[in-house]
Amino acid sequence: MTHDIFDNTILCQKCGTKMQKAQLEKNGFLLRAVICPKCSDKIIHPVDEQEYDRYVNLKNKEFKVKMRLVGNSYAVSIPKEIVSFMEEQSRMMDNMVRLCFEEMGRLSLNFGEEEEIKHKELRK
Ligand SMILES: [Zn+2]
């Protein structure tokens, strides 16, 4: 375990109250933060804030990938920067992904755990 800046006592800049650790969720992304219990001022962990920016950039990026015929299947390459990012965030458990023919012209790949399956079933 490395030493984290949030392990230190952090005092609120506005009122001097000791800030408390919390987790914030932004677009499905968890960010560590400290929040002032008195005036609700908050500081997001700088590392997480950077990661979040990377996430937003990747999310909006469109990749053009080629389809290749491999045996009886078509293969597409998933850009390494996406997979690496998910691995870093431990959002990807193994090499199995769920693929779904969502609608004409659209396939989805699911790297997540059970939770997403439930969402899918609800939509039916
Ligand atoms: Zn405060």
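No lab work stands behind these numbers, since they all come straight from the coordinates. Keep in mind the model is a prediction, meaning the values are calculated, not measured. Positions of Cβ are generated from backbone atoms using ideal geometry, with glycine treated the same way; all protein chains shown enter the neighbour counts.
What are the semi-axes of the equivalent ellipsoid of the stretch 5-59, taken as the square roots of 5 times the eigenvalues of the Cα gyration tensor, listed largest first and rounded to whole Å? Walk me through the numbers on the way to the answer.
Working: eigenvalues 113, 22, 14 Å².
Ellipsoid semi-axes (Å, largest first): 24, 11, 8.
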#### Entry: Local electrostatic count at D7 - Lys and Arg +1, Asp and Glu -1, tallied over other residues with Cβ under 12 Å
+1
### Count of Lys pairs (Cα-Cα under 19 Å; at least 8 positions apart or interchain) in the chain
13
### Query
Rounded to a whole number of µm²/s, how large is the Stokes-Einstein D of the chain at 10 °C and 1.306 mPa s, given Rh as the Kirkwood radius over C-alpha pairs?
88
### Message
Please list 3J(HN,Hα) in residue order for the stretch 37-47, calculated via the Karplus relation 6.51 cos²θ - 1.76 cosθ + 1.60 where θ = phi - 60°; whole Hz, with x for glycine and proline.
### Response
x, 8, 10, 6, 5, 9, 10, 8, 4, x, 5
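When ranked by the protection proxy of mean other Cβ atoms within 10 Å per residue, highest first, what sequence do the peptides 21-27, 33-39 form?
Numbers: 21-27: 11.4, 33-39: 16.4.
Output ranking for 21-27, 33-39: 33-39, 21-27.
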